[in-house]
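First the structure, then my questions, so here it is.
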Protein chains: 2
Amino acid sequence: MTTGPILVADIGGTNTRLGLAGANGIHKGTSHRYRNSDYTSFYSLVGAYLRQQKVEKCHKACLAVAAPVEDDAITLTNRDWHIDKSSACAVTGATEIRFLNDFEALGFAIGRLSGGQVSHVAGPKTATSQNGTRMVLGAGTGFNAAAMTLDADAQPVVHAAECGHMTLPVETPNELLLRDHLARNRGRASVERALSGQGVLEIYQWVCSHTGVAPQNFTTQEIIQQAIEQRDETCEHTAKMLVRLLARVAGDLVLAFLPVGGLYLSGGVTRACKSLISSDLFWDEFTAKGRQSNLLRSVPVYLMTDDHAALEGCLAAMMMTGSHLSSSGLRGHCQNSITSKAAGF
Amino acid sequence: MTTGPILVADIGGTNTRLGLAGANGIHKGTSHRYRNSDYTSFYSLVGAYLRQQKVEKCHKACLAVAAPVEDDAITLTNRDWHIDKSSACAVTGATEIRFLNDFEALGFAIGRLSGGQVSHVAGPKTATSQNGTRMVLGAGTGFNAAAMTLDADAQPVVHAAECGHMTLPVETPNELLLRDHLARNRGRASVERALSGQGVLEIYQWVCSHTGVAPQNFTTQEIIQQAIEQRDETCEHTAKMLVRLLARVAGDLVLAFLPVGGLYLSGGVTRACKSLISSDLFWDEFTAKGRQSNLLRSVPVYLMTDDHAALEGCLAAMMMTGSHLSSSGLRGHCQNSITSKAAGF
């Protein structure tokens, strides 16, 4: 009695992507992106989506969230949305639901993406070890990473992380001043205080105040675009600091996870920086690891260009058998007694 | 035709520990530690050991080395010793040999150590998730870490790393000055430039020059001991910087690997700091991760007190079946044609 599609969702800090799938893939034309700020809760967003898709009941659901995944409920790190499995089951009608960290979902997507969804951006074209560890990392609303290894049955195992909260690695007096600016009223500056959409704005503000330039009302994407087109020196200065820090953090995480099978970059901020990541600016800093530089030079760097890549990972995770579930993504079975009404919307 | 014992070895930058084992464990009284500087090569060291133990031929050998493990040969990162599998087979007589990174071996040792080999030093006494990821990290001649996960058959999978080469995470003007001191003539300061035996000496030299104190001819262990006994202010200042950086790096790596099953500290420098690691100095910095502080507070922190712990890990790795070998530790079968003479000693 398996009725209804599988709901796959990637719930970021700013946008949510939703899709409907069967065992063979995501159904064409069902993947859509929504701005979280247009909805009061995830439940109202997914309810509207399912009505629009004319779906009364999903079979299962896999929700990738920009937050640590624990037990039966999650609260988004960068938005005050709370999602619990019972309510999510109620609104979707699913009898089984799974939470994943959003980068865990991207980890499951590695190796399942087609040529049009991934682009080579730096380093060697192919990995020396095709079955070696692979890793995805990147900056969007926040920053994170996930390593993907293959088990004895060649099934993917994805290792969730909270890399965005690691210490921002600064190396120069200027970078320390930026770090102090980012740490103001927060006690510390984590990686994602710089490597995120909000981070780009704050780096820009700091560069302006540091150089005595009046800040303009640019968005994150505009700052990066102005820099790429070399139309604004302050934006260029901002993007240089951003890409240098991104490359340093990426290099550090390569040393931690040894993704000899390849490094995959993801996230809206990272994608906006594509041409800068393909430049020496990124590569020189990425490989500047002293005696381990050759290790870094051996890692091919790809960019996940498809904004919906995590949905593929959700489906892959949902189709896996019990013994291959990774540690953090616990399956939850819904109680039949919970109805939409009980879920409070 | 399985004759002879299994040779297990932990080849560090300063010392090498050797032992002889059977399927049931390391034979009593066979574990010994040797100073590398007393020998011209690993081959001469192990040759002397086997003669002393009256062993003509080993069955298999597992060598844990303080270096990245690649293919059939390794060169120690912090000593100019080169070890290749053919020569190691020749000198030991083993028909099968395995290289592991030394922290990979410590990863395999997690969960196999008895009460007398591990001591609780900080955080909750037990982990909330007994089957969750566990991690070992620490400072000795160098610094490194390794995460250990359980596969679908509850067999350990150890993930090798090169964390000692990550960027040293500094946060204050004083720490940046120390970083510049450590980076002099090297271009950069990695984690192990501070968190290592040599690192302690260099932090001490920097504190002396920074405070205008004439440096004394202390060893690493003496500096830490003077600090613990509060007998020398400069040593106390040095140890504080050391433990704060160790705690920050440990906290960062917890965010990267999420070892909800427990964090195990290892290494001679780390062990010497035991009482400081049990103090607020370590815990306050370890848990200072903003919105993720509660995650850090949930991780029990243990110290591997047994200097020979890696040997247990070598034996565990050697006893595993083929399908459970981790990616980096490739087995190598010896060619019969290679003799001791051909190995060049």
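The values are calculated or read from the model by the stated rules, or taken from the named source; none is laboratory data. As the structure is a computational prediction, the values presented were derived from the model and not from experiment. Glycine also receives a Cβ, built like all others from the backbone with ideal geometry; neighbour counts cover every protein chain displayed. Note: accessible area is taken over every heavy atom of the protein model, side chains too, but ligands, DNA and RNA are not part of it. Shrake-Rupley method; radii C 1.70, N 1.55, O 1.52, S 1.80 Å.
From A:ASN131, A:ASN144, grab the single residue that is within 14 Å of another protein chain (Cβ to nearest Cβ), among the polar types (S, T, N, Q), under 28 Å from B:ALA161 (Cβ atoms) and outside any loop (DSSP other than H, G, I, E, B).
A:ASN144
Also: So which residues in segment B:1-19 are open to solvent by 10 Å² or more (accessible area, probe 1.4 Å) and more than 16 Å from the chain's Cα centre (by Cα), if there are any at all?
B:MET1, B:THR2, B:THR3, B:GLY4, B:PRO5, B:ILE6
With the checklist (1) touching a strand residue (DSSP E or B) at 6+ places or on another chain (Cβ under 7 Å); (2) within 29 Å of B:THR149 (Cβ to Cβ) in hand, flag the one item A:SER278 doesn't pass.
(2) is the only condition that A:SER278 fails.
Looking at A:LEU76, A:LEU50, A:LEU63, can you tell me which residue is in the same structural domain as A:GLY22 (by TED's automatic domain parsing), under 13 Å from A:GLY19 (Cα atoms) and surrounded by fewer than 22 Cβ atoms within 10 Å (Cβ to Cβ)?
A:LEU50
Is it the case that A:LEU137 is within 10 Å of chain B (Cβ to nearest Cβ), open to solvent by less than 20 Å² (accessible area, probe 1.4 Å) and in contact with a Leu (Cβ under 7 Å, 6 or more places away or on another chain)?
The answer is no for A:LEU137.
Hey, another quick one. Does segment B:254-301 hold any residues that are out of contact with any helix residue (DSSP H, G or I) (no Cβ under 6 Å at 6 or more places or on another chain), within 14 Å of chain A (Cβ to nearest Cβ), surrounded by fewer than 22 Cβ atoms within 10 Å (Cβ to Cβ) and not acidic (Asp, Glu), and which are they?
B:ALA288, B:GLY290, B:ARG291, B:SER293, B:ASN294, B:LEU295, B:ARG297, B:SER298
Oh, and also: Only one residue in B:ALA90, B:ALA23, B:ALA48 is aliphatic (A, V, I, L, M) and without any contact (Cβ under 8 Å) to a residue 60 or more places away in the chain, so which one is that? Let's see the steps before the verdict.
Working: B:ALA90 fails: without any contact (Cβ under 8 Å) to a residue 60 or more places away in the chain; B:ALA23 fails: without any contact (Cβ under 8 Å) to a residue 60 or more places away in the chain.
Result of the check over B:ALA90, B:ALA23, B:ALA48: B:ALA48.
Could you please tell me which pairs satisfy a Cβ distance under 9 Å, a separation of 6+ or placement on different chains, a first residue in segment A:234-255 that is outside the structural domain of A:GLU171 (by TED's automatic domain parsing) and modelled with pLDDT of 95 or more, and a second residue that is small (Gly, Ala, Ser) and not in a helix (DSSP H, G or I)?
Within 9 Å, no pair qualifies.
Another question, then. Go through A:ALA127, A:ALA94 for me and flag whichever is in the same structural domain as A:MET320 (by TED's automatic domain parsing) and either out of contact with any helix residue (DSSP H, G or I) (no Cβ under 7 Å at 6 or more places or on another chain) or of a type in the set (A, V, I, L, M) (or both).
A:ALA94
Of the conditions (1) assigned to a helix (DSSP H, G or I); (2) open to solvent by 10 Å² or more (accessible area, probe 1.4 Å); (3) within 14 Å of chain A (Cβ to nearest Cβ), B:LYS240 fails just one. Which one is it?
B:LYS240 satisfies all of (1) assigned to a helix (DSSP H, G or I); (2) open to solvent by 10 Å² or more (accessible area, probe 1.4 Å); (3) within 14 Å of chain A (Cβ to nearest Cβ) except (3).
Quick one: how many residues across segment B:35-47 are buried (at least 17 other Cβ atoms within 10 Å of the Cβ) and either among the hydrophobic types (A, V, I, L, M, F, W, C) or within 17 Å of the chain's Cα centre (by Cα) (or both)?
Number satisfying all stated conditions: 4.
Being over 14 Å from A:ASP252 (Cβ atoms) and among the polar types (S, T, N, Q) is the filter; apply it to segment B:154-204 and report the residue that is surrounded by the most Cβ atoms within 10 Å (Cβ to Cβ).
Checked segment B:154-204; the qualifying residue surrounded by the most Cβ atoms within 10 Å (Cβ to Cβ) is B:SER196.
Continuing with this model, one more query. If I filter segment B:169-188 for residues that are over 18 Å from A:THR172 (Cα atoms) and either of a type in the set (Val, Ile, Thr) or part of a helix (DSSP H, G or I) (or both), do I get at least one hit?
Checking segment B:169-188: not a single residue is over 18 Å from A:THR172 (Cα atoms) and either of a type in the set (Val, Ile, Thr) or part of a helix (DSSP H, G or I) (or both).
Just to be sure before I move on: is A:GLY197 more than 14 Å from every other protein chain (Cβ to nearest Cβ) and in contact with a strand residue (DSSP E or B) (Cβ under 6 Å, 6 or more places away or on another chain) in the structure I sent?
no
To continue, here is another question. If the requirement is being among the hydrophobic types (A, V, I, L, M, F, W, C), over 17 Å from the mean Cα position of the chain (by Cα), farther than 30 Å from B:ALA189 by Cβ and facing another protein chain (nearest Cβ under 8 Å), which of these qualifies: A:ALA214, A:ALA152?
Of the residues listed, the single one that is among the hydrophobic types (A, V, I, L, M, F, W, C), over 17 Å from the mean Cα position of the chain (by Cα), farther than 30 Å from B:ALA189 by Cβ and facing another protein chain (nearest Cβ under 8 Å) is A:ALA152.
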